[in-house]
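J.: Below you'll find the structure I mean.
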Amino acid sequence: MPKIPIHQAFKLVGDSFRSPIEIIKFVKESFPEHAGFLEDLFDDNDFIIVRTSGSTGRAKKIKIRKDFLINSAQKTIDFFNIKPCRSALINLSSQYIAGKLMWVRALTGGWHIDVCAPDNNSIAEKLANNTYDFGAMVPLQVYQNLDNIHHIKKLIIGGGQVSGKLLKQIQHLPNQIFATYGMTETLTHIAVMPLNIIAKQNFTEQKAPVDAYRILQGVEIATDNRNCLTIEAPDIFEGKVITNDIVELLDNKHFRWLGRFDNVINSGGIKLIPEQIENKLKQIIDFDFFIAGLPDEKLGQKVVLIIETEQIPKTLPDKLKTLLSKYEIPKNIYAFSKFERTGTGKIIRQKTLMLAESRTSTGSVT
């Protein structure tokens, strides 16, 4: 198996390095939180061990080949055309696959990288004083840095859905912003969708749908009998990844994400996809929320709305009835001051839902 290459143009905070030993020594002194990953990356093993996020199930450890990491990095480099000597900011933890791949892309692509902690103050300081060609963030980081996020020329967002409010706020920014689709098992994203106007322009010129994900080179997609996405990419993982993501397959290169199969609600024989209801509610709800199903003696499952706010807005029940069909209208609303989340900021729906189930509803829609 090939070792992780270090491109001759690679620079870390302005310095060049001749060997992995030099890089690890520097990182241990300057960015110790990333040192453990780089030691694993450059050791004699032909694989690394990675933990999944645990947002849709129990977190687990998986073994990933290093040549697959290189191939995945190259797909991103090629898709976004990030040449050697271009600048990038690493502001994600290397505990998770997204942060790990930013390092691999930089090392193999010959990027000039800057590094900061994933917290708001650290990112804000970097963006206030620097401009970068490429970067990756979770939605919360984007939201917290809206004033300076345009200082990253090409920005990918992963690790969670972009809210309706955030989508509106980034539309007219002068940089290109993209949503990504992927998971630990696929070594981050295997598909990309433009989010703001300037990012959509290039897709429009190529007559590609701007409201769907486009797969990267070498990826093959299909659907199973549940209409869930299946993915094959023999140069970045072995076998076939069978997801629980319900999609609309447009062609062999594009798909629309509709929702999670394991989130589907069967309410009185009517099957409802929560994420489709959530898309409608993004028009009227500015804070984080999600739709789910709870046991109901009459319906089997009832639709409920879980919101992250101290109090339920008084006008919300009436707005729900105006916007949604009779089957989609939540029977109850539960307000939480803070959702259960993973280390990357993803809402852990099942944990939050269990808390909702154990207490009395804080609101109802009649």
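J.: Considering only the stretch 18-47, state which residues are touching a helix residue (DSSP H, G or I) at 6+ places or on another chain (Cβ under 8 Å) and part of a helix (DSSP H, G or I).
T.: Answer for the stretch 18-47, where residues must be touching a helix residue (DSSP H, G or I) at 6+ places or on another chain (Cβ under 8 Å) and part of a helix (DSSP H, G or I): Pro20, Ile23, Ile24, Val27, Lys28, His34, Ala35, Phe37, Leu38, Glu39, Leu41.
J.: Out of Ala106, Ala199, I need the residue that is at pLDDT 95 or above and over 22 Å from Asn279 (Cα atoms). Which one?
T.: On the way: Ala199 fails: over 22 Å from Asn279 (Cα atoms).
Going through Ala106, Ala199 in turn, the sole match is Ala106.
J.: Scan the stretch 137-155 for residues that are free of Cβ contacts under 8 Å to residues at least 60 places away in the same chain and closer than 14 Å to Met193 by Cα and jot them down.
T.: Scanning the stretch 137-155 gives a single hit, Leu155.
J.: Kindly indicate whether Val50 is within 19 Å of the chain's Cα centre (by Cα), assigned by TED's automatic domain parsing to the domain that holds Val27, modelled with pLDDT under 95 and outside any loop (DSSP other than H, G, I, E, B).
T.: Yes: the conditions hold for Val50.
J.: If you don't mind, another one. Against the definition (at pLDDT 95 or above and acidic (Asp, Glu)), how does Glu205 come out, yes or no? Please lay out each step first, then the result.
T.: Working: at pLDDT 95 or above: no; acidic (Asp, Glu): yes.
Here the answer is no, as Glu205 does not meet what is asked.
J.: Might you check whether a residue that is within 30 Å of Ser93 (Cβ to Cβ), touching a helix residue (DSSP H, G or I) at 6+ places or on another chain (Cβ under 7 Å), crowded, with 20+ Cβ neighbours inside 10 Å and in contact (Cβ under 8 Å) with a residue 24 or more places away in the chain occurs anywhere in the stretch 312-332?
T.: To start, the set of residues in the stretch 312-332 that are within 30 Å of Ser93 (Cβ to Cβ) comprises none.
Among the residues of the stretch 312-332, not one is within 30 Å of Ser93 (Cβ to Cβ), touching a helix residue (DSSP H, G or I) at 6+ places or on another chain (Cβ under 7 Å), crowded, with 20+ Cβ neighbours inside 10 Å and in contact (Cβ under 8 Å) with a residue 24 or more places away in the chain, which makes the answer no.
Each row is one residue, and each column tells you yes or no for (1) small (Gly, Ala, Ser); (2) over 16 Å from the mean Cα position of the chain (by Cα); (3) assigned by TED's automatic domain parsing to the domain that holds Phe290.
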residue: Lys83; (1), (2), (3): no, yes, no
residue: Ala88; (1), (2), (3): yes, yes, no
residue: Met102; (1), (2), (3): no, no, no
residue: His112; (1), (2), (3): no, yes, no
residue: Val138; (1), (2), (3): no, no, no
residue: Val142; (1), (2), (3): no, no, no
residue: Gln169; (1), (2), (3): no, yes, no
residue: Pro174; (1), (2), (3): no, yes, no
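J.: Cβ-Cβ distance below 8 Å, separation of 6 or more or different chains: which pairs start in the stretch 243-263 with a residue that is polar (S, T, N, Q) and end on one that is assigned to a loop (DSSP other than H, G, I, E, B) and buried (at least 17 other Cβ atoms within 10 Å of the Cβ)?
T.: Pairs that qualify, where the first residue is polar (S, T, N, Q) and the partner is assigned to a loop (DSSP other than H, G, I, E, B) and buried (at least 17 other Cβ atoms within 10 Å of the Cβ), are Asn244/Thr56; Asn263/Ile273.
J.: Moving to a separate point now. Please specify each residue of the stretch 137-187 satisfying the condition of being farther than 20 Å from Asn71 by Cα, small (Gly, Ala, Ser), in contact with a helix residue (DSSP H, G or I) (Cβ under 9 Å, 6 or more places away or on another chain) and not in a helix (DSSP H, G or I).
T.: Of the stretch 137-187, the ones farther than 20 Å from Asn71 by Cα are 137-155, 157, 159-179.
With small (Gly, Ala, Ser) added as a condition, the list becomes 159-160, 163-164, 179.
Going one step further and asking which of them are in contact with a helix residue (DSSP H, G or I) (Cβ under 9 Å, 6 or more places away or on another chain), we end up with 159-160, 163-164.
Selection gives Gly159, Gly160, Ser163.
J.: Looking at the stretch 288-310, which of the residues that are part of a loop (DSSP other than H, G, I, E, B) and within 28 Å of the chain's Cα centre (by Cα) is surrounded by the most Cβ atoms within 10 Å (Cβ to Cβ)?
T.: Keep residues of the stretch 288-310 that are part of a loop (DSSP other than H, G, I, E, B), which gives 288, 297-299, 309-310.
Checking which are within 28 Å of the chain's Cα centre (by Cα) leaves us with 288, 309-310.
Working: Asp288: 20, Thr309: 16, Glu310: 10.
Within the stretch 288-310, the match that is surrounded by the most Cβ atoms within 10 Å (Cβ to Cβ) is Asp288.
J.: In the stretch 316-333, is there at least one residue being under 14 Å from Val264 (Cα atoms) and more than 29 Å from the chain's Cα centre (by Cα)?
T.: yes
J.: Can you report the number of residues in the stretch 221-252 which are of a type in the set (D, E, K, R), surrounded by fewer than 17 Cβ atoms within 10 Å (Cβ to Cβ), within 25 Å of Ile64 (Cα to Cα) and in contact with a Lys or Arg (Cβ under 9 Å, 6 or more places away or on another chain)?
T.: 3
J.: Can you tell which of Ala117, Ala199, Ala106 is of a type outside the set (S, T, N, Q) and assigned to a loop (DSSP other than H, G, I, E, B)? Walk me through how you get there before you give the answer.
T.: On the way: Ala199 fails: assigned to a loop (DSSP other than H, G, I, E, B); Ala106 fails: assigned to a loop (DSSP other than H, G, I, E, B).
The conditions single out Ala117.
J.: Take the stretch 225-270 and flag every residue that is more than 22 Å from the chain's Cα centre (by Cα) and on the phi > 0 side of the Ramachandran plot.
T.: Gly239, Gly268, Gly269 - these are the residues of the stretch 225-270 that are more than 22 Å from the chain's Cα centre (by Cα) and on the phi > 0 side of the Ramachandran plot.
The values are calculated or read from the model by the stated rules, or taken from the named source; none is laboratory data. Since this is a predicted model, take the numbers as computed values, not measurements. Using ideal geometry, Cβ is built from the backbone for each residue, glycine included, and neighbour counts are taken over all protein chains shown.
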